[in-house]
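K.L.:
Take this structure, written in structure tokens, and hold onto it; I'll ask about it next.
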């Protein structure tokens with residue numbers, strides 16, 4: 001009986017020993033799974049054996065004969081690693097199960113703008129940004145870190161440039177840059193051009209905003225809304241102060257005022273001086289004269305006076321440098337004697353600021369008399385052309401006597 005027990009004990013010991021030896025022969029790699037962050041390294045370990053040969057995707061790795069091997073994300077992600085070992089007491093080389101070296105992949109960081117990126121000037125306002133990364137976040141303003149701005153959400157109160165850096169929560173050391181600057185601008189109030197407008201009587205002028213991209217427009221005259229004035233430009237026909245209020249992304253903006261006023265036109269008046277039709281005022285205040293007979297422009301009649309050669313309705317238009325205006329009609333009848341006299345001499349300009357030119361078909365003497373008949377200027381009959389210098393005389397109407405062999409002619413002249 002004792003022999004039987006002793007034999008069974010020996011048999012059990014042999015079986016157990018064989019089981020233990022076989023379990024130690026097969027190598028085991030730890031960790032059994034591994035996932036690396038970008039640029040990260042980690043270590044694969046084998047349990048203890050006598051010799052080691054590490055394999056990558058079934059190919060021996062040269063020199064990899066230690067109990068461990070270092071793997072990195074840049075070179076080993078996506079590969080299968082195993083180890084072949086030999087152990088005293090084991091029948092031969094044994095191979096571990098494969099371990100996959102996996103890696104984290106991330107989208108490029110981005111920012112979602114929760115609001116618009118424009119601030120309303122002069123009122124409390126902000127812009128909200130949400131960052132796609134949530135670990136080790138740092139926001140920057142105009143290139144400088146913003147103290148305490150380490151959350152994935154930023155509320156921006158100032159115009160300028162914003163950017164951020166951060167890491168995904170599973171790889172907190174993998175810092176990524178946003179890669180772009182976020183611009184926060186201030187909505188620009190509208191500007192009216194021109195800022196003042198001078199109009200001629202009876203005309204209209206256009207005021208317009210220099211930007212036309214606003215969402216809406218409302219024009220005002222002297223602080224009161226102008227009905228049906230909801231476009232980027234406005235046709236002004238009344239004098240006063242105009243401004244426009246715009247809406248851009250909910251930001252209400254008002255322009256400065258533009259002043260519209262009407263020029264007081266200088267309207268020429270036709271008078272008869274001697275045989276000439278004269279515009280009053282004349283060339284000292286007006287320019288660009290054009291005479292008309294019965295509404296038709298008279299070719300070449302562009303002085304402040306015109307010597308008519310036909311009867312009819314005369315008008316004259318002229319510019320005061322800002323506006324053009326036309327005189328009332330003047331009815332004139334030309335006599336035979338007047339036509340003959342007009343052909344003998346010419347006196348111009350009339351009205352005159354002081355210089356008067358006289359041309360005649362014969363030599364004449366010139367006598368200038370004031371309105372009570374006193375002689376104030378005289379030139380002897382020395383030629384057919386005279387240049388009178390009358391600037392020293394007071395403004396008013398004077399009489400000029402032109403005396404020659406064929407007789408005398410009296411003409412009125414206006415000094416301005």
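The values are calculated or read from the model by the stated rules, or taken from the named source; none is laboratory data. All figures in this text were calculated on a predicted structure; none of them were measured in a lab. No Cβ is skipped: glycine too gets one built from the backbone with ideal geometry, and neighbour counts run over all protein chains shown.
K.L.:
Would you confirm whether any residue within segment 213-231 is touching a residue at least 40 places away in the same chain (Cβ under 8 Å) and assigned to a strand (DSSP E or B)?
P.N.:
Scanning segment 213-231, I find no residue that is touching a residue at least 40 places away in the same chain (Cβ under 8 Å) and assigned to a strand (DSSP E or B), so the answer is no.
K.L.:
Quick check, is residue 127 within 30 Å of residue 25 (Cβ to Cβ), surrounded by 14 or more Cβ atoms within 10 Å (Cβ to Cβ) and not assigned by TED's automatic domain parsing to the domain that holds residue 255?
P.N.:
For residue 127, the condition - within 30 Å of residue 25 (Cβ to Cβ), surrounded by 14 or more Cβ atoms within 10 Å (Cβ to Cβ) and not assigned by TED's automatic domain parsing to the domain that holds residue 255 - is not met.
K.L.:
Name, by its number, the condition in (1) exposed (fewer than 11 other Cβ atoms within 10 Å of the Cβ); (2) modelled with pLDDT under 95; (3) in a loop (DSSP other than H, G, I, E, B) that does not hold for residue 121.
P.N.:
All conditions are met except number (1).
K.L.:
Let me confirm something: among 43, 150, which residue is out of contact with any helix residue (DSSP H, G or I) (no Cβ under 7 Å at 6 or more places or on another chain) and assigned to a loop (DSSP other than H, G, I, E, B)?
P.N.:
Going through 43, 150 in turn, just one is out of contact with any helix residue (DSSP H, G or I) (no Cβ under 7 Å at 6 or more places or on another chain) and assigned to a loop (DSSP other than H, G, I, E, B): 150.
K.L.:
Right, another one. Only one of 83, 77 is modelled with pLDDT of 95 or more, in contact with a strand residue (DSSP E or B) (Cβ under 7 Å, 6 or more places away or on another chain) and within 21 Å of residue 170 (Cβ to Cβ). Can you tell me which?
P.N.:
Criteria check complete, one pass: 77.
K.L.:
Restricting to segment 103-115, give me the number of residues that are touching a strand residue (DSSP E or B) at 6+ places or on another chain (Cβ under 7 Å), surrounded by fewer than 16 Cβ atoms within 10 Å (Cβ to Cβ) and assigned to a loop (DSSP other than H, G, I, E, B). Show your work before the answer.
P.N.:
The initial filter retains those residues of segment 103-115 that are touching a strand residue (DSSP E or B) at 6+ places or on another chain (Cβ under 7 Å), namely 103-104, 109, 111-115.
Checking which are surrounded by fewer than 16 Cβ atoms within 10 Å (Cβ to Cβ) leaves us with 104, 112-115.
Remaining after also requiring assigned to a loop (DSSP other than H, G, I, E, B): 104, 114-115.
The qualifying residues number 3.
K.L.:
On the basis of being closer than 30 Å to residue 43 by Cβ and modelled with pLDDT under 90, does residue 115 make the cut?
P.N.:
It is false that residue 115 is closer than 30 Å to residue 43 by Cβ and modelled with pLDDT under 90.
Matching residues to (1) assigned by TED's automatic domain parsing to the domain that holds residue 174; (2) at positive phi; (3) within 60 Å of the chain's Cα centre (by Cα); (4) surrounded by 14 or more Cβ atoms within 10 Å (Cβ to Cβ):
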position	(1), (2), (3), (4)
38	no, no, yes, yes
46	no, no, no, yes
56	no, no, no, yes
63	no, yes, no, no
74	no, no, yes, no
83	no, no, no, yes
99	no, no, no, yes
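K.L.:
Are any residues in segment 284-301 surrounded by 15 or more Cβ atoms within 10 Å (Cβ to Cβ) and either over 45 Å from the mean Cα position of the chain (by Cα) or in the same structural domain as residue 200 (by TED's automatic domain parsing) (or both), and if so, which ones?
P.N.:
291, 292, 293, 298, 301
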